[in-house]
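I have placed the structure first, in the form of structure tokens, so that the comments after it can refer back to it.
The values are calculated or read from the model by the stated rules, or taken from the named source; none is laboratory data. Here the structure is a predicted model, which is why all the values come from computation and not from measurement. Quick reminder, even Gly has a Cβ in these numbers, built from the backbone with ideal geometry, and neighbours come from all protein chains shown. When the accessible area is computed, the model is the full protein with side chains, heavy atoms only, and any ligands, DNA or RNA have been set aside. Shrake-Rupley method; radii C 1.70, N 1.55, O 1.52, S 1.80 Å.
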Amino acid sequence: MRIALAYNPRMAGHRLGRVAALARALEARSHKVSHHDSLDFDCRRDAPGAELLCVGGGDGTVRMVVSRQSDLAALPPIAVFPVGTINLVARELGYPRSPDAFIRRIEQDRAVRSPLARLNDAPFVACLSVGVDALAVASLSEGLKARIGRLAYVEAMSRLLVKWPRHRLTVRTEAEEFEAEALFVLRGRFYAGPWTLHPEAHLGRSHLRLLALPRARRVDVLSLAGRALGGMRAPHPGWRYLRADWVEVSSDQPVPIQADGDPLGALPARIAMSGDAVRFR
């Protein structure tokens, strides 16, 4: 199989080592591997004959690769080798961390079609949020993230505890308009790790799943974390769990947005299903 392997050649050395081990293992099984920089990879231009695109990285790398494509229809099926910080897509679709197990997985003929959502016309893959956690992502130290992984998010959130931010958001969907202090837009099943915020979210579904918190005090966010740890099997009666094709969010100040674990600007925002899709193998 002709495999385009896209990854960030400037990521941490131990992660590059895992990608190199995967490339060696693929070649040992007679697959033809080409190496590409995920920061500017365009499959139509750089690997037109690829039968599989293997992204070595996390959700932000997957989002970046998808967003760089000049022709989404030219993308072959995608597989995600999980060397990122959180790896929500890989977790949901069951991509192993071991190179040998990963290769056995991609050699199977299975596929998941995943409709794409867009934030202000830029695609995202797994999740998006507006509120206190997006502020934590915006203040995250990339150097610390490279050194300690997901614990860097905990450190960023802990800094917000001293002066807890709250913002009034206006949220509008095709069905209703309301106010909230935090909004989560879910495409995938997981959020921030092995936790679920909306039990009906799945990468294969063609709608957005929304969770809106009318208030986002410290106690509300702690309650959210506890319910997420339990798989959201006991929804909070005061929160909104919605399905939508699009959502528009605004505020009287430039509140940050995060998507797939990376800061992506600030409000106002329009998030909508795009009609495009990618295939995961």
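List the pairs whose first member sits in the range 53-74 and is on the phi > 0 side of the Ramachandran plot, whose second member is hydroxyl-bearing (Ser, Thr, Tyr) and surrounded by 24 or more Cβ atoms within 10 Å (Cβ to Cβ), and whose Cβ atoms are under 9 Å apart, counting only residues at least 6 apart or on separate chains?
That search, which allows pairs on different chains as well, returns GLY57/TYR7.
Could you please give the count of residues in the range 243-256 that are open to solvent by less than 30 Å² (accessible area, probe 1.4 Å) and either more than 17 Å from PRO214 (Cα to Cα) or at pLDDT 95 or above (or both)?
Final tally of qualifying residues: 4.
When the range 215-234 is examined, which residues are found to be over 21 Å from GLU200 (Cα atoms) and open to solvent by 60 Å² or more (accessible area, probe 1.4 Å)?
Within the range 215-234, ARG215, ARG217, ARG218, VAL219, LEU222 qualify.
I'd like the full set of residues that are closer than 12 Å to VAL132 by Cα and assigned to a strand (DSSP E or B), limited to the range 181-192.
Result: ALA182, LEU183, PHE184.
Tally the residues that are in contact with a strand residue (DSSP E or B) (Cβ under 9 Å, 6 or more places away or on another chain), over 22 Å from ILE271 (Cα atoms) and among the charged types (D, E, K, R), restricting the search to the range 196-226.
Adding up the residues that qualify gives 1.
Of the residues ALA234, ALA216, ALA244, ALA269, which single one is more than 21 Å from the chain's Cα centre (by Cα) and in contact (Cβ under 8 Å) with a residue 60 or more places away in the chain?
After applying the criteria, what remains is ALA216.
Conditions: (1) assigned to a loop (DSSP other than H, G, I, E, B); (2) surrounded by 14 or more Cβ atoms within 10 Å (Cβ to Cβ); (3) of a type in the set (D, E, K, R). ARG10 meets all but one. Number of the miss?
ARG10 satisfies every listed condition except (2).
Inside the range 174-190, can you point out the residues that are within 22 Å of the chain's Cα centre (by Cα) and either on the phi > 0 side of the Ramachandran plot or of a type outside the set (A, V, I, L, M, F, W, C) (or both)?
GLU181, ARG187, GLY188, ARG189
For (1) β-branched (Val, Ile, Thr); (2) part of a strand (DSSP E or B); (3) in contact with a helix residue (DSSP H, G or I) (Cβ under 6 Å, 6 or more places away or on another chain), each residue gets a yes or a no:
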position: ARG172; (1), (2), (3): no, yes, no
position: LEU211; (1), (2), (3): no, yes, no
position: GLY238; (1), (2), (3): no, no, no
position: PRO254; (1), (2), (3): no, no, no
position: ILE257; (1), (2), (3): yes, yes, yes
position: PRO263; (1), (2), (3): no, yes, yes
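Output the strands (runs of 3 or more DSSP E) that fall wholly within the range 24-131 and possess 1 or more residues being open to solvent by less than 20 Å² (accessible area, probe 1.4 Å), or say none.
52-57, 78-82, 112-119, 122-124, 127-130
Output the qualifying pairs, or none if there are none: Cβ atoms under 7 angstrom, residues six or more apart or on different chains, first residue in the range 84-101 and within 20 Å of ARG113 (Cβ to Cβ), second residue assigned to a helix (DSSP H, G or I).
Matching pairs, first to second residue: LEU88/ASP59; VAL89/ASP59; VAL89/VAL62; TYR95/PHE102; TYR95/ARG105.
Checking LEU208 against (1) open to solvent by 20 Å² or more (accessible area, probe 1.4 Å); (2) in contact (Cβ under 8 Å) with a residue 60 or more places away in the chain; (3) within 23 Å of HIS167 (Cβ to Cβ); (4) of a type outside the set (Gly, Ala, Ser), which single condition isn't satisfied?
(1)
Condition first: more than 17 Å from SER251 (Cα to Cα), out of contact with any Leu (no Cβ under 6 Å at 6 or more places or on another chain) and open to solvent by 20 Å² or more (accessible area, probe 1.4 Å). Now tell me which residues in the range 161-194 satisfy that.
LEU161, VAL162, LYS163, TRP164, GLU174, ALA175, ARG189, ALA192, PRO194
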